[in-house]
Amino acid sequence: MPGDVLLRELQREIRLAVGCTEPAAIALAAAHATAALGDLPQEVEVILDPQTYRNALAVGLPYTSLKGPAMSAALGVFLPPQKELLIFADLDPHKARKAEELCCNGRVHTIYDPSFPDLYIEVRVKNDIHRARACIKYTHTNLVLIEGPRFNQNKFIFTSNQSLKFNLWENISFQDIFPLLDQLAPEDLGFLYQAARTNLAMAKCGLQKGSGMALGRKLLHMSRQALATCRYPDFNWLGVCLTAQALACAAVDARMSGEPLPVATLGGSGNQGITSLLPVWLLAKKLRVKQETMVKSLALSATVTLLVKNKLGSLSRICSSAFAGSWGIAAATLWLLGSDFPCIARTLCNLASSLSGIICDGAKPSCSLKVMVGVEIGLKTALLTLQGLAVSPSGLVAETVDRTLDNVASLARVGMAGVDQILLASATH
């Protein structure tokens, strides 16, 4: 596979979004359905896969204290669909109040259907005369069906590039990444630097406001204490680790609380974009590497993260932000320190021994705790590998990093199949 294919994939997978991507995608489907209806609906019905439903339950939404998939759909009724995952950028307090009225009056109904294994969002709207619906499937913006009076009741099926996407990641190994990375021109990777800076702005918002659990602000205080007691304050691994955690967690704190700022998502996840890019950006900055080295390290982290994420699934039962993000962080850390592929592969196998059981129990402010763990374990495991740490093949860990990831993916997709029902039952009680 030539490097330009990887470059195009990275460009496609880095997208701006306001708010958590599952609520934004629900709002987007509602906006499409309302546009097809041609008028404001009197009733809204939302049908979701279990994991999209789970991720929309407790996360904050801009300009409102209400949460959940019903409120997400209600917001979408009053918004145009053209901006896709930036749909909440057009939201204001007035539209939020109108959506609250629609939702609180019992006009929006949501269900989840366990028969849908992948991301699935269908929104049906109606008034006294007409009905319309829109369906998003596989990825957060992949509109596969829309029908309504504005389209003369005709169905429009939009082709998807899912087969191309999955073939790309299914046919690439970890060892393939490094020669591909060498083919990428640094001047073509500036979008990754801008993505990291976009997520840094969200982190600064979270630090300033103490959003969510204020975990980022607390970690930053700890990092300053660590740096103050260090003999060499310009570079101290404990301080760098805590600062990296602080930035990532502050961005997640703010995003999960509904701050109306954009973040650069990766593989459909804003938290994953934050986790895989911000710590690597900080480390490269602290190591004072050249700009071309920094953007290549960001590309490596993003590529490793995407490879892991696509193995785990679109909405995995394992927290991809912590697990996949930690793999990206560890690989980029060792690459910045001059390590070769065998060392990086050992590190990733080591990571499989520690983070494989970190369950995704839905998007919410406490996601920052999982991100905190992922950032710390990613950095520390990289350094421990440099000191000779190597987990012997057993359990999930196999002889190669690719087979190890396949084992973890099998655990997430097959072994944890019953997790959704347990988590949703506990969330609705």
### Task
Report which label in (1) 24.2, 100; (2) 24.3, 72; (3) 21.4, 74 holds the value of Rg and Dmax of the Cα atoms in Å derived from the coordinates of this structure.
(3)
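Students often check this: by mean Cβ neighbours within 10 Å, which of 25-36, 86-97 ranks highest, and how do the rest follow?
Values: 25-36: 27.8, 86-97: 17.2.
Top of the packing list down: 25-36, 86-97.
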### Summary
Residue-normalised value, i.e. accessible area per residue, for the chain at 1.4 Å probe, in Å², stands at 40 Å²
### Query
How far, in nm, would the chain grow between Asp4 and Asp113 when pulled straight, counting 0.36 nm per residue and subtracting the alpha carbon separation?
35.3 nm
### Positive dipole terminus of the chain, leading residue within Leu220, Gly3, Ala99 (C-beta point charges)
Leu220
#### Entry: Over segment 175-312, equivalent-ellipsoid semi-axes from the Cα gyration tensor in Å
25, 20, 12
### Summary
So the angle from the long Cα axis of helix 237-256 to the longest Cα principal axis of the chain, reported in degrees to the nearest 10, equals 0 degrees
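Among the listed pairs Lys67/Lys364; Lys83/Lys364; Lys83/Lys204, which have their C-alpha atoms separated by more than 19 angstrom in this model?
Values: Lys67/Lys364 10 Å; Lys83/Lys364 24 Å; Lys83/Lys204 25 Å.
Flagged as over cut-off: Lys83/Lys364; Lys83/Lys204.
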#### Entry: Highest to lowest packing among 375-388, 297-310, scored as the average C-beta count within 10 Å
297-310, 375-388
### Message
Can you give me the angle between helix 3-13 and the longest principal axis of the chain, using Cα atoms only, in degrees from 0 to 90, rounded to the nearest 10?
### Response
50 degrees
### Task
Take the Cβ-Cβ distance between Val289 and Ala425 as r, set R0 to 41 Å, and report the resulting FRET efficiency rounded to the nearest 0.05.
0.25
### Task
Determine which aspartates and glutamates satisfy two conditions relative to Lys290: a Cα distance under 14 Å, and not lying fewer than 8 residues away in the same chain.
Glu187
### Query
At what distance in nm do the modelled label points of Lys204 and Asp176 sit from each other, each positioned 7 Å from its Cα along Cα→Cβ?
3.9 nm
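Grab the DSSP H runs of the chain that are 4 residues or longer, score each as -39,500 (n - 2.57), total them, divide by all residues and round the 222 nm result to the nearest 500 deg cm²/dmol.
Working: 17 runs with 240 residues, N = 429.
For the chain, the value works out to -18000 deg cm²/dmol.
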### Query
What ranking, highest mean first, results for peptides 395-408, 259-272 when packing means the other Cβ atoms within 10 Å averaged over each residue?
259-272, 395-408
### Query
Under a Cβ-Cβ cut-off of 15 Å, what is the net charge of the residues other than Ala58 that fall near it, where Lys and Arg count +1 and Asp and Glu count -1?
+2
### Task
Could you tell me what percent of the DSSP beta bridges with both partners in the chain are antiparallel, to the nearest 5?
85 percent
## Note on the structure
Taking Cα atoms, the helix 190-209 axis meets the longest principal axis of the chain at an angle in degrees (rounded to 10) of 80 degrees
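Would you mind counting up the charge near Tyr120? Only other residues with Cβ under 10 Å from its Cβ, with Lys and Arg at +1 and Asp and Glu at -1.
My count for the surroundings of Tyr120 gives -3.
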### Task
Name the aspartates and glutamates eligible as straight-distance cross-link partners of Lys286: C-alpha to C-alpha under 17 Å, and not fewer than 8 places from it in the same chain.
Asp234, Glu376
### Query
What does the charge count near Ala382 come to, summing +1 for each Lys or Arg and -1 for each Asp or Glu among other residues with Cβ under 15 Å from its Cβ?
+1
### Query
Using modelled amide H (1.01 Å from N, peptide plane; none on Pro or chain starts), what sits under 5 Å from the amide H of His109, excluding residues fewer than 5 places away?
Val44, Glu45, Val46
### Task
Please list, or write none, the aspartates and glutamates whose alpha carbon is within less than 12 Å of the alpha carbon of Lys209, excluding same-chain residues fewer than 8 places away.
Asp253, Glu259
#### Entry: Sparsely packed chymotrypsin sites (Phe, Trp or Tyr not before Pro) within segment 1-78, loop by DSSP, other Cβ within 10 Å at most 11
none
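How large a share of the accessible area of the chain, in percent, is made up of carbon and sulfur atoms when the probe is 1.4 Å and the other protein chains stay in place? Numbers along the way, then the final one.
Values: 9100 of 17180 Å².
That fraction is 53 percent.
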### Query
Roughly how many debye, to the nearest 20, is the charge dipole of the chain about its Cα centre, given +1 on each Lys and Arg Cβ, -1 on each Asp and Glu Cβ, and no other charges?
960 debye
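The values are calculated or read from the model by the stated rules, or taken from the named source; none is laboratory data. Here the structure is a predicted model, which means the values were calculated and not measured. As a convention, Cβ positions derive from the backbone with ideal geometry for all residues, glycine included, and neighbour counts pool all protein chains shown. To get the accessible areas, we keep the full protein, side chains included, count just its heavy atoms, and leave off ligands, DNA and RNA. Shrake-Rupley method; radii C 1.70, N 1.55, O 1.52, S 1.80 Å.
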